[in-house]
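Single-structure report; data block below.
The values are calculated or read from the model by the stated rules, or taken from the named source; none is laboratory data. Since this is a predicted model, take the numbers as computed values, not measurements. For neighbour counting, all protein chains shown are included, and Cβ atoms are generated from backbone atoms with ideal geometry for every residue, glycine included. Accessible surface areas use protein heavy atoms only, side chains included; no ligands, DNA or RNA. Shrake-Rupley method; radii C 1.70, N 1.55, O 1.52, S 1.80 Å.
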Amino acid sequence: KRKDNFVTIDELIDLLGPDVFRYFLIMRSHNSHLNFDLELAQKQSMENPAYYIQNAHARICSIEKKAADRGIQFSVTNPIKLELLKSEEEITIIEKLLEFPELTARLAKNLEPHPLTTYLEELAGVYHHYQTAGKKNSDLRVITDDRALSEARLALCIAVRIVLRRGLDILGISAPEYMARDQADETV
């Protein structure tokens, strides 16, 4: 409501879509004042936190497809040499992934979902940083001429995708495998 102009929930859902609407409601504590940034929520860009997280998930799905096209796939029956993951960016991702089980236990105990939105934004952030570093430095690309390293990096990306998807599932938000924007310039 602003200046006697009312916007119904149905109108917001129609305007933003259910995922963005739900995310913006959940991202704040139930004890805090609801400050719904409609302009930000409407953006389909990396500024929008819901889009940012979903984009990370979609990018990883794209990398998985490109890896499969090159014959590189993750399999639980195939031993992965995770000790090859040594870069600062990879260690940061692993450390962030390790926070997820404790966080979800705390969320269930306290019945407060909003810390999960912060966590997912942070995880998407470290993943996006890793991917950006890979675009600038070919030594950090997921798909390389070194098959063992590519498999280890693909496993790391899949772990991020799984955690993003589980977190979004907990929040009742979709985890798309493809987003029209930002897919064309993908570097793996």
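Can you tell me which residues in segment 166-182 are surrounded by fewer than 17 Cβ atoms within 10 Å (Cβ to Cβ) and of a type outside the set (A, V, I, L, M, F, W, C)?
Once the filter is applied, which keeps residues that are surrounded by fewer than 17 Cβ atoms within 10 Å (Cβ to Cβ) and of a type outside the set (A, V, I, L, M, F, W, C), segment 166-182 yields ARG166, ASP169, GLY172, SER174, PRO176, GLU177, TYR178, ARG181, ASP182.
Please state which one of GLU83, GLU151, GLU99 is closer than 30 Å to LEU25 by Cα and either over 16 Å from the mean Cα position of the chain (by Cα) or surrounded by fewer than 18 Cβ atoms within 10 Å (Cβ to Cβ) (or both).
After ruling out the rest, the residue left standing is GLU99.
Which condition breaks for VAL163 when tested against (1) open to solvent by less than 50 Å² (accessible area, probe 1.4 Å); (2) free of Cβ contacts under 8 Å to residues at least 60 places away in the same chain; (3) over 18 Å from LYS81 (Cβ atoms)?
VAL163 satisfies all of (1) open to solvent by less than 50 Å² (accessible area, probe 1.4 Å); (2) free of Cβ contacts under 8 Å to residues at least 60 places away in the same chain; (3) over 18 Å from LYS81 (Cβ atoms) except (2).
ILE53 versus (1) surrounded by fewer than 17 Cβ atoms within 10 Å (Cβ to Cβ); (2) touching a helix residue (DSSP H, G or I) at 6+ places or on another chain (Cβ under 6 Å); (3) hydrophobic (A, V, I, L, M, F, W, C): which is the lone unmet condition?
With respect to (1) surrounded by fewer than 17 Cβ atoms within 10 Å (Cβ to Cβ); (2) touching a helix residue (DSSP H, G or I) at 6+ places or on another chain (Cβ under 6 Å); (3) hydrophobic (A, V, I, L, M, F, W, C), ILE53 is out only on (1).
Are any of the residues in segment 165-186 over 30 Å from LEU16 (Cβ atoms) and either assigned to a loop (DSSP other than H, G, I, E, B) or of a type outside the set (Phe, Trp, Tyr) (or both)?
no
When residues of segment 68-80 are filtered for being open to solvent by less than 100 Å² (accessible area, probe 1.4 Å), aliphatic (A, V, I, L, M) and part of a loop (DSSP other than H, G, I, E, B), how many remain?
2
Look through segment 105-117, keep the residues that are without any contact (Cβ under 8 Å) to a residue 24 or more places away in the chain and part of a helix (DSSP H, G or I), and return whichever of them is most open to solvent (accessible area, probe 1.4 Å).
Per the criteria, the residue is LYS109.
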